Structures are given as structure tokens and as C-alpha cells.
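K.L.:
The structure under discussion is supplied below as C-alpha cells; questions concerning it will follow.
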Amino acid sequence: MEMKSLNDIEIIDSVIKGNSSDYALLINKYKNKAFSMLVRMLKNQMDAEEVLQDCFIKAYNSLENFKKQSKFSTWFYRIVYNTALTKLYATKRKIENEMASIDDLFFLESEYTTDLAEQKDTSLFIKSMIEKLPANYSAVINLFYLENMSCEEISEIMESSVTNVKVMLHRSRNMLRTILEKNNYVEEIL
Amino acid sequence: MNDIDDEKLNQFIDGDINSNDLKNLKEKLKYSEAGRKRLSGLQNIHNELKKISIFETSINFTEVILSRIEQKVKTKKKDKIFIISIFSIFILLCLMIVGYLSYYIISEPSNTAVLTQKVNYYINILLKFSENSKDLFSPKNISIFGSMVSFCLFVAIYTLYTEQKFVRKRLRQ
């Protein structure tokens, strides 16, 4: 039997009508990318999985309030982003660092000078640095590169200005490039 | 002189640059090796970021959520049934009392006076109680109690408001 592929709105309509098992389609569609974003924001896989479960349940409970003018992904990622921030705040991590202002990214530069020599693979090195970006910068990188979202959509999710999102994106790239340059990856990367 | 700023280079990578700026940038890049290197570096970072890895949730992640949802739906149904049952019992009791009183009044109309007497009796008891406890509920005590409650409410609301404001401010920075 050929399985008809449903779009997000059709799935939501079906779930609202009472076919709650159809919600699995939405979960399977978004779980890994949302999980990646949460792991990078919270820096902990167990917390990320727990938060993601809560997010899917929150979304399920609020499905009837979802206004179909915007995309489900935007709406869902807003839940994920806000829940992650709440978790960060609740676990009393240093939110000042996590929600750092633009200049605070420089602390990462000093952090990576010590263990860089051990990392030979540039790609792996960049990936390891992304894992350590502050929460909001990680969120921007994930949404932009994993979800292929526009800066406008990301600004809607983060309830921030488009300019601010672009600044975070550009600063992240600049910072990564600067670290690579400082640590003699220049020849390889350029 | 290094007059190519990173902002423009990033805009160029994102295709977010207007035609005039693009023309200027291309012109500057022709004569700036350092600028070309910086652009190349950013381009490489951009390409590496496109290959960012995806983490996978545990195998039974979907099932866990669905079972949690199912459990919640069941609990909600149970709660609904419980509330309906309590409400039904209450309505039934009210109906029984009204029925009994109606029957009592209709069957023995002469007893209306007795009923009134009984009602008056209970009202008197209530009045006596309020008279005895007039010291406790004196205007002075009531105003002190009211002021305390108002003060507590005011402090609680103000604390909640400032806390929320602080959190929002932090989160939006």
C-alpha cells in the first residue's frame, strides 16, 4: 500500500481530530534536528532529550492554539528555544555566559588555544568548537545551517531582531575563522 | 590599508549584499590579497558549517512521548469523569432537598409556619455567633488583616513582576 505523505498542517488537523498516533509523524520529522539544537544549547544529551520530550508534549497540548498562518517548524522551534532557555536558567548555569553579548565570544578564543594542538582534523576541530558556542549562537547556527531557515524565521523563533540574528551568525563565523587563524589552521583552511 | 570589513564579506557569502556594495567589494578584492584570504577563510567556515552533524535521539524516543501523551489523555479523561460524578451527586442532592421541601410544603400547608420558625431559629444561631465573635471581626481587626493581606499581595506581585522583567531582559539580550 502506498503511504501518502502528509504535510505538517494535514498531520496537525488529523491529530486535532483525534488521531493522536499521527503525532508520531511530526515527532519523527523534527526530533533529530531539534535534539541537535538542544544538545548544542544545553551541552548535555540527557538534559536535551528530557527537554525535547517536554517540548513535544507542550506542542501537543497547544496544537489547537497553533495559528496556521506561520509554519509549524517556526512555532515548534520557538517552544524548543524558550524551553531550553528556561532549562538553562533553572539549572543555574552561568546564563550571563550563555546569553553573552557579542564581545563575550572572545572568551572562546582563549579557551581553544590550549587544546588545539591535539586536534589535527580541521572539520572535527570546527565541529568541536560549535559544540561549545554560547546557547543563543548555537541556536542560530543550528537553525541556519541544519534547518536552512532564513534570518527572518530565526528572528521570529528567538523573538529578536533580524539584525541581531545576522550579527550573531556573522560573529560566529568570524570568531571561528579567527581561532583557526590564531592556531595555525590558516594554511589548511584558506 | 584594510578597508574591507568582515560584515560586507559575510553579507557577500549570504547573498545579502546590494549591487552597488557588491561592485565595490569586488573591486576592492581585486587589489587586496588579505581581503581575499579573509573571504576565503569565511567561505570555508561557511562550507564546514553546512556539514554540521545531526545528533540522534534514543531509539524509543517517539514511543516514550506517545505513551506520555496517552497517559495524560487518560488522566484528563479520569479527571473529567470525576468532576462530572461529583457535580452529578451535588445536583442529585439538591434535587432531593428541593423535592423533599416541595413535598413537605404541598402535603402539609399548615406547617409553613413551623418551617419559617425553623429557618428563623438557624438565622438566630448565626446572628448570635456573629455577635460573640464581634471582637474578632471588629472594624479595627478587619482593617489590620486587610492591610496585611494587601501588603503581602503587593510584595508578591512586585517580586514576580521584577523577576519576570529581569529574566526577559536577560533572555532577549
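K.L.:
Using DSSP H assignments, which helices in chain B have an axial alpha-carbon span of 27 Å or above and a mean Kyte-Doolittle hydropathy of -1.0 or higher?
P.N.:
Going by DSSP H runs, the hits are B:61-107, B:112-132, B:139-172.
K.L.:
Calculate the mean, over all residues of peptide B:63-70, of how many other protein chain Cβ atoms lie within 10 angstrom of the residue's Cβ.
P.N.:
Mean number of neighbouring Cβ atoms from other chains: 5.
K.L.:
How about the range B:4-63: which trypsin sites (Lys or Arg not before Pro) there are in a DSSP loop, with at most 13 other Cβ atoms within 10 Å of their Cβ?
P.N.:
Qualifying residues, ordered by number: B:Lys51.
K.L.:
Summing +1 for each Lys or Arg and -1 for each Asp or Glu, what net charge is found among the other residues whose Cβ lies under 14 Å from the Cβ of B:Lys8?
P.N.:
Around B:Lys8, the surrounding residues sum to -1.
K.L.:
Stokes-Einstein diffusion coefficient for the range B:6-50 at 25 °C in a medium of 0.890 mPa s, Rh from the Kirkwood formula over Cα pairs: what value in µm²/s?
P.N.:
My calculation gives 230 µm²/s for D.
K.L.:
Relative to the compact globular guide of 2.2 N^0.38 Å, what is the alpha carbon radius of gyration of chain B, as a ratio?
P.N.:
Normalised Rg, Cα atoms only: 2.48.
K.L.:
Something else about it: To make sure I understand, if each residue's beta carbon is the centre and we count other beta carbons within 10 Å, what order do A:His170, B:His46 fall in, fewest to most?
P.N.:
Least to most surrounded, the residues fall as B:His46, A:His170.
K.L.:
Choose one answer from B:Ser107, B:Ser138, B:Ser85: the residue with the largest mean-square fluctuation in a GNM of chain B with alpha-carbon springs under 10 Å.
P.N.:
Greatest mean-square fluctuation among the candidates belongs to B:Ser138.
K.L.:
Can you list which of the trypsin sites (Lys or Arg not before Pro) found in the range A:17-79 are DSSP loop residues with at most 10 other C-beta atoms within 10 Å?
P.N.:
A:Lys17, A:Lys67
K.L.:
If you don't mind, there's one more thing I want to ask. For chain B, what does the relative contact order come out to in percent, with C-alpha contacts under 8 Å and a separation of six or more?
P.N.:
After rounding, I find 12 percent.
K.L.:
With 31 Å as the limit, write out which pairs from A:Lys71/B:Lys51; A:Lys43/B:Lys78; A:Lys31/B:Lys50; B:Lys26/B:Lys51; A:Lys68/B:Lys80 have Cα-Cα distances beyond it, or answer none.
P.N.:
Result: A:Lys43/B:Lys78 exceed 31 Å.
Laboratory data are not the source of any read-out in this text; all were calculated from the coordinates shown. None of these values were measured; they are calculated from a predicted model. Positions of Cβ are generated from backbone atoms using ideal geometry, with glycine treated the same way; all protein chains shown enter the neighbour counts.
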